[in-house]
Amino acid sequence: MSNAVIAATGLYTPQETLSNAELVETFNAYVERFNAANAAAIEAGEVQALAPSSVEFIEKASGIKSRHVMNKTGLVDPDVMRPVIPERPNDELSIMAEIGVAAARQAIEAWGKPASRIDAVICAASNMQRAYPAMAIEVQQALGIDGFAFDMNVACSSATFGVKTAADYIAAGARAVLMVNPEITSGHLNFRDRDSHFIFGDVATAVIVEAADQATPGQGWDILGTRLKTVFSNNIRNNFGFLNRAAPEGVGKADKLFVQEGRKVFREVVPMVAEMILAHAADLGLDTTGLKRLWLHQANVNMNELIGKRVLGREPTPQENVIILDEYANTSSAGSIIAFHTANGDFAPGEIGLICSFGAGYSAGTVFVKKR
Ligand code: COA
């Protein structure tokens with residue numbers, strides 16, 4: 001049985017950015033129009049007036065200052081408020097596969113080996129654009145990879161579940177597995193919902209997991225252990241699916257997009273994840289106070305700080321608890337991989353860190369890694 005190594009990672013960042021100020025300006029224009037159009041009903045107490053959003057609230061509640069998006073024009077138009085991404089013909093690479101391939105190419109270049117050495121491709125993401133054929137198979141074809149590919153969705157935990165799945169294939173004899181996390185979260189976010197319109201951003205990440213006995217000496221990270229956990233909850237939910245259509249604009253269909261009970265999520269997920277990390281570390285014989293770095297799911301700065309404090313047993317420094325929320329917002333499954341990708345260059349051989357994700361399901365995954 002072969003041990004698994006994270007051999008390389010890649011990151012595709014969409015060019016367009018959307019600041020909190022731009023987001024709030026659009027939202028508040030929508031609110032003004034809604035309240036004006038419904039003035040009589042609001043006056044009569046039949047319709048609830050909408051309240052404006054604020055930049056200060058967003059930054060304080062979430063740590064988010066901006067986000068990257070695949071299409072900005074639709075998002076800043078108060079009459080549209082969703083990404084306008086034309087549907088592509090079936091013989092063109094789909095947009096999810098395209099950004100997954102962009103991240104994968106970067107990972108393959110960093111890896112320094114041909115894609116033909118990859119035996120499987122996993123597209124692990126929250127925000128799937130269609131039912132089938134799997135986006136992973138498109139990525140596989142675009143990169144000229146033999147073997148097999150499939151999509152998997154464990155919401156914001158998809159990447160750690162994907163790394164664990166890849167490590168299992170390595171144990172079963174695969175030479176290398178490519179995992180991509182293309183997240184066009186803007187397609188599933190309700191930009192008319194004041195409680196959540198600011199939460200997400202678009203991005204794609206890629207991870208190559210390789211058999212230790214195949215890996216270039218000194219390259220990458222030994223996977224010391226992986227652990228997965230799920231506990232059913234309705235507090236983060238998206239009912240988009242085969243038996244319904246994407247939410248048309250307006251009231252009553254909001255559950256076909258992302259919805260959450262943010263406070264409950266905060267209260268329930270923080271202890272679940274902190275306990276899981278501590279128990280997993282104890283089983284691996286690791287002292288969490290000695291971890292060099294945490295690359296946590298980028299949900300919310302306050303959540304991440306609380307988990308970081310419980311795991312390290314002290315207030316983590318910004319170097320210890322990587323936060324990329326200010327620039328990227330919550331990018332669902334890709335968040336912990338962006339954090340890992342952008343902040344691991346200073347590790348000496350033998351130093352240990354933790355990649356951890358958590359989200360809807362509830363679901364959570366931990367991956368302890370040691371620099372080779
Ligand atoms: N602009 C201005 N004010 C807003 C607002 C907005 N966009 N959204 C909510 N508010 C107001 C509310 O009306 C409320 O006002 P009140 O106290 O007068 O009633 C106040 O801000 C607090 O609202 P609340 O929804 O309780 O905010 P919160 O402090 O819990 O923060 C989240 C909201 C979502 C940021 C927070 O609950 C959270 O981080 N949850 C974790 C869940 C998460 O990140 N999930 C992502 C998927 S893993």
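The values are calculated or read from the model by the stated rules, or taken from the named source; none is laboratory data. Predicted model only: the values in this text are computed from it and were never measured. For the accessible areas, the whole protein counts, side chains as well, though only heavy atoms, and no ligand, DNA or RNA atoms are used. Shrake-Rupley method; radii C 1.70, N 1.55, O 1.52, S 1.80 Å.
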Over the Cα atoms of the chain, compute the convex hull volume and normalise it per residue, giving Å³. 135
Relative contact order for the stretch 221-371: what is it in percent, counting Cα pairs under 8 Å that are at least 6 residues apart? 34
When ligands, DNA and RNA are left out and all protein chains stay put, how many square angstrom of accessible area per residue does the chain have with a 1.4 Å probe? 43
A correct Karplus calculation of ³J(HN,Hα) over the stretch 63-76, with 6.51 cos²θ - 1.76 cosθ + 1.60, θ = phi - 60°, whole Hz and x for Gly and Pro, returns x, 8, 10, 7, 8, 8, 9, 6, 9, 8, 4, x, 6, 9
As a percent rounded to 5, the proportion of antiparallel DSSP bridges among beta bridges in the stretch 221-371 is 80
Along its three principal axes, how long is the stretch 221-371 when you only count alpha carbons? Whole Å, largest extent first please. 53, 30, 28
5 Å is the cut-off here: which amide hydrogens, built 1.01 Å from N in the peptide plane, fall below it relative to residue 351, excluding neighbours closer than 5 in sequence? 371
Show the residues, 5+ positions off or on another chain, whose built amide H is closer than 5 Å to the amide H of residue 123. 136, 150, 151, 152, 180
In deg cm²/dmol and to the nearest 500, what is the mean residue ellipticity at 222 nm of the chain if only DSSP H runs of at least 4 residues count, each as -39500 (n - 2.57), divided by the residue total? -9500 deg cm²/dmol
Enumerate the amide H contacts of residue 321 below 5 Å, restricted to partners 5 or more residues apart or on another chain; note that Pro and chain-start residues carry no placed amide H. 294
Can you send over the carbon and sulfur percentage of the accessible area for the stretch 221-371, probe radius 1.4 Å, protein chains only? 53
